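Before any comments, here is the structure.
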């Protein structure tokens, strides 16, 4: 019995050592970093801008070489139609090359067998919309046209160049790009789940403004009111959020706040009124105690009692309290404007 | 002694023949896949918009997921207490394959344009779940409703 116990203890130690070695191999598998992001502060819609990043990969795990594609991604406003308007090239000490759009049918390896997400969907799940606030951005993912043989315990240094025709929708867009880099054999498998993980190639760019003749879309600065989804039509379910913390004048009193639509406009030129009320249908609900964020979800087609022939184009609105105090655009009395559009 | 062995061998051969004769080929017919019968009333048990759970967001008095229902019967469907959905009018429906459907098509009354969407019909926790994915507004806004049969 004593001998048996001794063997058990030795076995446990051996297994613990093995586990630590295996853990160590995984933890030190790769260090991927994106740095020295070069991007313009401003640009004009319709022009082509170049963004470059420097990238380094330190491979540090024993085993055979892996043959894989380099994978890079950039977070862009949906209105840029980044998939159609972006080309990517790279240079590195393993060779230079072009990149192609990652097919949406390719499963990102860390989700294989579980959620089976595409690269873009997996990046949305892991990195969200970066340092932006309005969910009107998308991850545009590319892979190297040629596969590369990646050896062990080497350092790959390179540059990635994104050439983007910005502002395809013609709007003025303010946003903060973000970047991801990995390889196709492992995908995002080594991402720790911590956005500030310095060992995994996720990084964010500075604020960028693309000026266009259309609407102003500020995707990264806190707004008094915001919409989810950011772009919607009358048959979408539209969630409006009012950020009371940004009401510097403290115009609204109490916790009963309401959506007051002064006028809704339809494509046939009609102006719909009578939708400014303080009722249960228009009352916003605080997301949690003291969050200062109030939300209301409406189905515009039903809310405005539209006929099947009517198409909603925009609405002018305020947020009001139980006493009728009103907050509008930039904390003024002018109404907020929301346009019903997919572009 | 030799006759004894001959006798034994003959008996063994007879036994072997009897054993072989007792075997017969059994033809096993594969079980036919059942046709996917949607007949009944279906209610929403889960709803998402671009991956966000919609159920906590809606006002139960004005946008009511628990009241919404769709009834499938004899090739027709009827929607009650409408919500943003793949169709807005009642009509007929069809599956691309009754046994292995991948697509469900709705033909709204008064419309000449059928609307199709991917059809998934898994068993979750022992219950059939019908999941429909669609975009009632902007194409980039993806809604997913999961429905369970209530009768």
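Quick notes on this one:
- Subset of region B:116-139 (residues that are over 16 Å from residue B:46 (Cβ atoms), crowded, with 16+ Cβ neighbours inside 10 Å and within 14 Å of another protein chain (Cβ to nearest Cβ)): B:135, B:136, B:137, B:138
- Entirely in region A:128-197, the strands (runs of 3 or more DSSP E) that have 2 or more residues that are crowded, with 23+ Cβ neighbours inside 10 Å: A:137-144, A:155-165, A:172-175, A:178-183
- Given (1) in contact (Cβ under 8 Å) with a residue 12 or more places away in the chain; (2) closer than 25 Å to residue A:59 by Cβ, index of the condition residue A:171 fails: (2)
- Lone unmet requirement of (1) within 26 Å of residue B:64 (Cα to Cα); (2) within 14 Å of another protein chain (Cβ to nearest Cβ); (3) within 25 Å of the chain's Cα centre (by Cα) for residue A:343: (1)
- Condition met for residue A:84 (out of contact with any strand residue (DSSP E or B) (no Cβ under 6 Å at 6 or more places or on another chain), at pLDDT 95 or above, assigned to a helix (DSSP H, G or I) and exposed (fewer than 14 other Cβ atoms within 10 Å of the Cβ)): yes
- Candidate set from region A:87-98 (those that are within 18 Å of residue A:51 (Cβ to Cβ) and in contact (Cβ under 8 Å) with a residue 60 or more places away in the chain); member that is surrounded by the most Cβ atoms within 10 Å (Cβ to Cβ): A:88
- Annotation: of all residues in region B:12-53 being within 14 Å of chain A (Cβ to nearest Cβ) and touching a strand residue (DSSP E or B) at 6+ places or on another chain (Cβ under 6 Å), the one that is farthest from residue B:100 (Cα to Cα) is B:49.
- Single condition residue B:80 does not satisfy, out of (1) out of contact with any strand residue (DSSP E or B) (no Cβ under 8 Å at 6 or more places or on another chain); (2) farther than 30 Å from residue A:79 by Cβ: (1)
- Restricting attention to region B:140-151, the residues that are part of a strand (DSSP E or B) and within 12 Å of chain A (Cβ to nearest Cβ) add up to 2.
- Residues within region A:262-312 that are more than 26 Å from the chain's Cα centre (by Cα) and within 14 Å of another protein chain (Cβ to nearest Cβ), tallied: 19
- The set of residues from region A:320-340 being within 18 Å of residue A:218 (Cβ to Cβ) and buried (at least 17 other Cβ atoms within 10 Å of the Cβ) comprises A:327, A:328, A:335, A:336, A:338.
- Against the list (1) closer than 30 Å to residue A:308 by Cα; (2) assigned by TED's automatic domain parsing to the domain that holds residue A:102; (3) within 16 Å of the chain's Cα centre (by Cα), the condition residue A:227 fails is (2).
- Considering residues of region B:56-73 that are within 14 Å of another protein chain (Cβ to nearest Cβ) and within 24 Å of the chain's Cα centre (by Cα) only, the residue farthest from residue A:137 (Cα to Cα): B:67
- The residue that is surrounded by the most Cβ atoms within 10 Å (Cβ to Cβ), counting only those in region A:227-256 that are outside any loop (DSSP other than H, G, I, E, B) and more than 14 Å from chain B (Cβ to nearest Cβ), is A:242.
- Hits in region B:67-103 - residues which are farther than 19 Å from residue B:134 by Cα and free of Cβ contacts under 8 Å to residues at least 40 places away in the same chain: B:67, B:73, B:74, B:75, B:76, B:97
The values are calculated or read from the model by the stated rules, or taken from the named source; none is laboratory data. Computed from a predicted structure; not experimentally measured. Positions of Cβ are backbone-derived with ideal geometry, glycine not excepted, and every protein chain shown enters the neighbour counts.
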